[in-house]
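What follows is calculated from the coordinates using simple rules that are stated; it is not laboratory data. Owing to the predicted nature of the structure, the values given are computational and were not obtained by experimental measurement. Reconstructed Cβ throughout: ideal geometry from the backbone, glycine too, with neighbour counts over all protein chains shown.
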Amino acid sequence: MSSTLLDISPANMKIIQSVLEAAGYDASGLAESPRFFNPAALLVIKLFLAGEESRSGLAAKLEHQLGKFGDNRRPCPSSLARYAIQGLPLELQSQHLI
């Protein structure tokens, strides 16, 4: 992994950093929620190493794969969202919620 990082010049790291910052994955996001920041940084670096070198191309692929940083932190609109996979508990099944 360290040899791969040596292939990225400081100028290219600035491109990667600017793409992340434009999508909201900046230093404050890293401190606040590294679980969202780390996959985004890894994705952009992998895309760059795979040959995608334009800011707009990297930004479009990042937004398509992970979205902007704030989009990931939206609260669920309904308290019933957790039951989408689990199913409703018996006491709620008797109430016709739909």
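Give me Ile8, Ile45 ranked fewest to most by other Cβ atoms within 10 Å of their Cβ, as a rough exposure proxy.
Fewest-to-most ranking of Ile8, Ile45: Ile8, Ile45.
Order these by the 10 Å Cβ neighbour count, fewest first: Leu90, Leu58, Leu43.
Leu90, Leu43, Leu58
Pop out the ³J(HN,Hα) list for the stretch 34-39 in order, Karplus 6.51 cos²θ - 1.76 cosθ + 1.60 with θ = phi - 60°, rounded to Hz; leave Gly and Pro as x.
Result, ordered by residue: x, 5, 8, 6, 4, x Hz.
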